[in-house]
Amino acid sequence: MDLPSNKRILSAAQPTGEAHIGNYLGAFKQWVALQDAGNDVCAMIADLHAITAPYDAATFPNTTLRMAALLMAVGLDPKKSVVFIQSHVPAHTEAAWLLTTITPVGDLTRMTQYKDKAKKQKTVGAGLLNYPTLMAADILLYQTEIVPVGEDQTQHLEFARTLARKFNRQFGKTFTEPRAFVLEETARIMSLTDPTRKMSKSDLPASRIGLLDDPSAIPRKIRAAVTDSGTAVNPKKLGPALTNLLTIFATFSEKPFRDVAEEYAGLGYAVVKSALADLLVDRLAPIRNRAEELLWDHGELQRILADGAERAATLANKTLVTMRKRMGLLLPQNE
Ligand code: AQP
């Protein structure tokens with residue numbers, strides 16, 4: 001994959017649950033590669049987005065902190081990147097409100113993700129409808145040039161680009177127009193219990209391998225993962241379940257999918273599962289150990305996040321003041 005360099009990048013993960021190997025292979029790992037390629041990465045824990053879906057307020061602070069620890073444990077270095085919690089930077093909600101005033105409601109109700117999620121909720125909150133405007137604010141506040149997104153987020157990114165153009169036309173050039181960096185599709189990881197659906201934080205624990213899973217849980221979950229009909233690997237006739245297991249294997253071992261499928265050709269599914277479990281236990285151990293180290297000292301973790309929020313706020317507030325000026329809002333005397 002050709003990586004950009006020297007670009008301002010915004011990436012975000014929602015603390016909607018425990019991050020899993022799908023989040024890691026499909027997103028986090030690539031964010032770290034972007035950081036290491038010399039980009040200026042802002043890595044945000046999107047708590048304000050997460051609360052647009054039903055959630056447990058009592059456990060939410062801890063879930064948020066665990067997500068922060070995991071992002072650092074996978075390699076986002078708070079000395080190189082700006083790692084912060086979205087709600088710690090109030091500019092996001094203010095910029096979102098300002099952008100809401102130029103957002104046509106019809107554009108929001110047409111969003112595929114809104115329609116999908118609204119169907120699953122008893123009462124649809126306005127926060128869910130306004131989700132793309134908040135996401136546009138997240139991106140535009142940092143003058144972001146590149147946003148790494150999965151296929152499912154490209155519509156929201158297009159919306160942010162349209163809003164940036166509209167604002168720039170109406171009030172004068174204020175925002176950089178962001179570009180999507182579509183994450184490698186090969187890294188889309190599916191549920192272990194239903195390989196036709198993507199692995200998801202909000203799904204049952206048996207459907208996913210969490211990055212903080214106990215090493216003893218990993219072989220158990222992999223053994224219980226559904227397989228396709230048949231008993232041995234046939235590279236010419238792979239069903240969705242085996243394709244998923246071999247994709248996880250190939251991505252973690254950084255080998256081409258085809259090579260892994262050939263390597264296990266003719267061998268029983270149990271052999272593949274056992275090798276995959278060993279590989280996962282091995283590869284996840286350093287991530288889990290580092291996250292546990294960080295989580296052991298909440299005070300230090302909060303200090304790192306406070307520093308990230310301060311650096312993020314400096315960048316975001318600069319754009320926010322320009323937005324307010326350009327929109328004709330009277331600034332307080334001290335600004
Ligand atoms: N199964 C997956 N395979 C590959 N990539 C995935 N991502 C999520 N699931 C998979 C990518 O992880 C990044 C961070 O995700 P997020 O927290 O912003 O959103 P999400 O897509 O909503 O994640 P989940 O795990 O599916 O959580 P819930 O259950 O809350 O919806 C994104 O870049 C995403 O593409």
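Computed from the coordinates by the stated procedures, all read-outs in this text should not be read as laboratory data. A quick note: this is a predicted structure, and the numbers were derived from the prediction, not measured. Please note: Cβ atoms are built from the backbone with ideal geometry, for glycine as well, and neighbour counts cover all protein chains shown.
Would you mind counting up the charge near S191? Only other residues with Cβ under 9 Å from its Cβ, with Lys and Arg at +1 and Asp and Glu at -1.
Around S191, the charge tally is +1.
I want the local charge near G210. Using Cβ-Cβ distances under 14 Å, sum +1 for each Lys or Arg and -1 for each Asp or Glu among the other residues. Could you put the intermediate results ahead of the total?
Details: positive: R66, K201, R208, R220, K221, R283, R288; negative: E18, D203, D213, D214, E292.
Taking every other residue near G210 into account, the sum is +2.
Each residue of segment 219-225 in turn: what ³J(HN,Hα) in whole Hz from Karplus with 6.51, -1.76, 1.60 and θ = phi - 60°, glycine and Pro shown as x?
Calculated HN-Hα couplings, in order: x, 4, 5, 5, 4, 7, 4 Hz.
Per residue of segment 25-33, what does 6.51 cos²θ - 1.76 cosθ + 1.60 with θ = phi - 60° give for ³J(HN,Hα)? Whole Hz please, x for Gly and Pro, Karplus curve as stated.
6, x, 9, 3, 4, 6, 5, 5, 4
Taking the radius of gyration and the Kirkwood hydrodynamic radius from Cα positions alone, what is the Rg/Rh ratio for segment 37-102, to two decimal places?
Working: Rg = 13.8 Å, Rh = 13.4 Å.
Using Cα coordinates only, the ratio equals 1.03.
Can you list the lysines whose alpha carbon sits under 17 Å from that of K221, skipping same-chain ones fewer than 8 residues off?
Cα-Cα hits under 17 Å: K198, K201, K273.
Dividing the alpha-carbon radius of gyration of segment 251-317 by 2.2 N^0.38 Å (N being the number of residues), what value is obtained?
Expressed relative to 2.2 N^0.38 Å, the Cα Rg reads 1.85.
Amide H neighbours of V83 under 5 Å, at least 5 residues apart or on other chains, H built in the peptide plane: list them.
Sorted by chain and number, the residues that satisfy this are A43.
Tell me the mean residue ellipticity at 222 nm calculated for the chain from its helices only (DSSP H runs of n ≥ 4, each -39500 (n - 2.57), averaged over every residue, nearest 500).
It comes out at -16000 deg cm²/dmol, rounded to the nearest 500.
Suppose R0 equals 25 Å. What FRET efficiency, 1/(1 + (r/R0)^6) with r the Cβ-Cβ distance, do T314 and E254 give to the nearest 0.05?
0.10
Can you give the convex hull volume of the alpha carbon atoms of segment 213-293 per residue, in Å³?
Per residue, the Cα convex hull of segment 213-293 comes to 81 Å³.
Karplus couplings for segment 71-87 from phi (6.51 cos²θ - 1.76 cosθ + 1.60, θ = phi - 60°), rounded to Hz, Gly and Pro as x?
Here the 3J(HN,Hα) series is 4, 6, 5, 7, x, 6, 9, x, 7, 9, 10, 9, 9, 8, 8, 3, 6 Hz.
What is the log10 of I(q)/I(0) for segment 176-217, computed with the Debye formula using one identical point scatterer on each Cα and no solvent, at q = 0.18, 0.30, 0.32 Å⁻¹?
-0.63, -1.06, -1.11
So, in Å, what gap is there between the alpha-carbon centers of segment 290-324 and segment 203-265?
Centre-to-centre distance over Cα atoms comes out at 36 Å.
In Å, what Kirkwood hydrodynamic radius results for segment 45-163 from the alpha-carbon pair distances?
Hydrodynamic radius (Kirkwood, Cα pairs) of segment 45-163 is 15.5 Å.
Quick one: which of K29/K120; K7/K79; K79/K255; K117/K325 span more than 26 angstrom between C-alpha atoms?
Numbers: K29/K120 30 Å; K7/K79 17 Å; K79/K255 31 Å; K117/K325 36 Å.
Beyond 26 Å: K29/K120; K79/K255; K117/K325.
Any idea what log10 I(q)/I(0) is at q = 0.14, 0.15 Å⁻¹ for the chain, Debye with uniform C-alpha scatterers and no solvent?
Values, matching the q order: -1.15, -1.29.
Might you report the magnitude of the Cβ-based charge dipole of the chain about its Cα centre, with Lys and Arg at +1 and Asp and Glu at -1, to the nearest 20 debye?
So the magnitude is around 1000 debye.
Between 0 and 90 degrees, rounded to the nearest ten: what's the tilt of helix 269-296 against the longest Cα principal axis of the chain?
That works out to roughly 40 degrees.
Can you tell me, using C-alpha contacts under 8 Å and at least 6 residues apart, the relative contact order of segment 213-293 as a whole percent?
40
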